[in-house]
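Only the coordinates and a few stated rules stand behind these numbers; no lab work does. These numbers were taken from a predicted model, which means no experiment stands behind them. Ideal geometry is used to build each Cβ from the backbone, glycine not excepted, and the neighbour counts take in all protein chains shown.
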Amino acid sequence: MPDADTLARSRIAVWSRRHSKRETNHSRGIRQEGPSKEERPHDSAGGDGRRATGDGLVWSPLSPDGKAPPVAKQYKKPPELTIDLGADYTATLHTTLGDVTIDFLPAEAPQAVNNFLFLAGEGFYDSVIFHRVIEGFMIQGGDPTGTGRGGPGYTFRDELEGKGKYSRGTVAMANAGPHTNGSQFFICHADARLPHAYTIFGKVTDGMDVVDVVATLPTGRDDRPVDPPKITSITVTGR
């Protein structure tokens with residue numbers, strides 16, 4: 001039975017409006033939770049944190065400073081699979097603290113790789129922060145609202161057929177339960193003893209020194225950096 005500290009450190013969750021109840025899975029050592037009644041934001045557009053856009057209502061909770069974050073572009077469905085499963089794809093995350101280069105695993109996680117490359121090409125990740133960092137565990141980003149509750153407007157299935165080893169530098173999807181992948185991802189700062197419940201779709205090949213800096217930043221509530229670093233842009237190469 002994992003202790004409370006292990007449970008807290010092993011949770012890599014995306015807050016979801018569809019998960020109104022808190023669920024604790026002690027047997028797997030991971031907790032997945034959605035906003036409680038007290039944590040639900042209020043918004044003049046919908047009264048429960050939803051904002052109207054051209055594509056419908058989008059979950060847009062209050063940020064830690066009490067201000068409503070901007071609503072990022074939303075999509076009605078995941079992108080069509082267009083990548084070449086035999087190609088080599090690389091992305092360099094240009095951040096305010098330096099560059100991080102990721103080599104992807106298209107044959108093992110085609111949907112996740114295709115999704116990341118699509119969103120990167122759309123500029124979806126530009127100016128997005130790393131909203132949660134835990135030294136010796138991981139850094140988490142990809143939420144355009146910066147709250148841990150945001151996403152692209154759709155979800156897609158897990159791809160857990162490959163290896164389930166979350167070693168230092170592993171890049172994987174964060175989620176709010178089975179088959180709830182969206183835009184949030186995490187990079188392992190150290191070897192992590194996690195259940196095989198997060199789609200692994202890449203590996204950091206350069207810039208782990210930047211990951212080290214991000215992971216050791218001073219944090220406040222919910223492991224949020226006091227001064228969150230941003231992804232300024234992403235450069236993608238494929239061959």
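Quick notes on this one:
- Neighbour net charge for T96 - beta-carbon separation under 14 angstrom, K R +1, D E -1: -2
- With each label modelled as a point 7 angstrom along the Cα→C-beta vector, the D222-A190 pair spans 2.5 nm.
- Summed side-chain charge close to M173 - residues other than M173 whose Cβ falls under 13 Å, Lys, Arg +1, Asp, Glu -1: -3
- Amide N proximity, the stretch 101-144 versus D88 label position 7 Å along Cα-to-Cβ, cut-off under 18 Å: 101-109
- Cα-based shape type of the stretch 94-239, given that a ≥ b ≥ c are square roots of the gyration tensor eigenvalues and the cut on a/c is 1.5: rounded
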